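See structure below.
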């Protein structure tokens, strides 16, 4: 279901309010026209919503074919428009006159637009044994916004300790979302972040292991460097020792027997 909005905003200001943009007596009246495409142009729903000071008081729903009040104030307008054949006929025709023509305009740039998600996993170790470790799956730069992200541990889907951020709008037609998994981690555990998106025909997976994590690789590299340096210093020390030993042997004074004694 893809909504397309056609808002009309009217600001009604009493005369003193014209002197200040933030006058406490400002009033805001809105009309929002929305098209929902549930199966391309084969199944379209049109909504016309009337809002006064952030409260919707009456709306038209093409699925029902008439205006529906939400408040007592809206009931007066709904009764008036529903009993006006010209108004009702014009609004009912909006599916054909507004929604379907605009679908052809937006289809190449918005409806068929696809951007593949990027996936990466960040490991945050716990500094307190009372708390579990956190793995975060960053899913970025995707469009459209509908997406499904799943955590698996050793092939089993995790759901109890999985939390997700709100869908974040990057402002360039793409979105991102962060899905966290709180868990205990042992050597040999395999974690998978699985992502399903309409830009792919099959789900994509990114695997994370503790042994191959950035922290583990850093510790392993530090250990290897320390071992190599230790071997180098040992060899250098041994060579110095052997050289000093040979020098001492070479210049050792030799005692000779005295023939006069």
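Across region 130-153, what is the total count of residues that are surrounded by fewer than 16 Cβ atoms within 10 Å (Cβ to Cβ), under 25 Å from residue 210 (Cα atoms) and modelled with pLDDT under 95?
The number of residues fulfilling the criteria is 4.
Among the numbered criteria (1) assigned to a helix (DSSP H, G or I); (2) in contact (Cβ under 8 Å) with a residue 40 or more places away in the chain, which one does residue 113 miss?
Unmet for residue 113, out of (1) assigned to a helix (DSSP H, G or I); (2) in contact (Cβ under 8 Å) with a residue 40 or more places away in the chain: (1).
Matching residues to (1) under 11 Å from the mean Cα position of the chain (by Cα); (2) more than 30 Å from residue 39 (Cα to Cα):
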| site | (1), (2) |
| --- | --- |
| 104 | no, no |
| 110 | no, no |
| 125 | no, yes |
| 136 | yes, yes |
| 144 | no, no |
| 150 | no, no |
| 166 | yes, no |
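Of the residues 176, 207, which single one is without any contact (Cβ under 8 Å) to a residue 40 or more places away in the chain, assigned to a strand (DSSP E or B) and surrounded by 17 or more Cβ atoms within 10 Å (Cβ to Cβ)?
176
Would you please name the residue that is modelled with the lowest pLDDT, looking only at residues in region 79-102 that are under 41 Å from the mean Cα position of the chain (by Cα) and either surrounded by 14 or more Cβ atoms within 10 Å (Cβ to Cβ) or in a strand (DSSP E or B) (or both)?
Among them, the one singled out is 102.
Which residues, counting only those in region 114-129, are out of contact with any strand residue (DSSP E or B) (no Cβ under 6 Å at 6 or more places or on another chain) and modelled with pLDDT of 95 or more?
116
Pairs under 7 Å by beta carbon, first residue more than 28 Å from residue 38 (Cβ to Cβ) in region 74-95, partner part of a helix (DSSP H, G or I), six or more apart or different chains?
Cβ pairs passing all conditions: none.
Within region 14-36, identify whether any single residue is exposed (fewer than 12 other Cβ atoms within 10 Å of the Cβ), part of a strand (DSSP E or B) and modelled with pLDDT under 95, and answer yes or no.
Looking for residues that are exposed (fewer than 12 other Cβ atoms within 10 Å of the Cβ), part of a strand (DSSP E or B) and modelled with pLDDT under 95, one finds none in region 14-36, hence no.
The values are calculated or read from the model by the stated rules, or taken from the named source; none is laboratory data. Only a predicted model underlies this, so the values are computations on that prediction, with no experimental measurement involved. Counting neighbours? That spans all protein chains shown, and the Cβs are built from the backbone with ideal geometry, glycine included.
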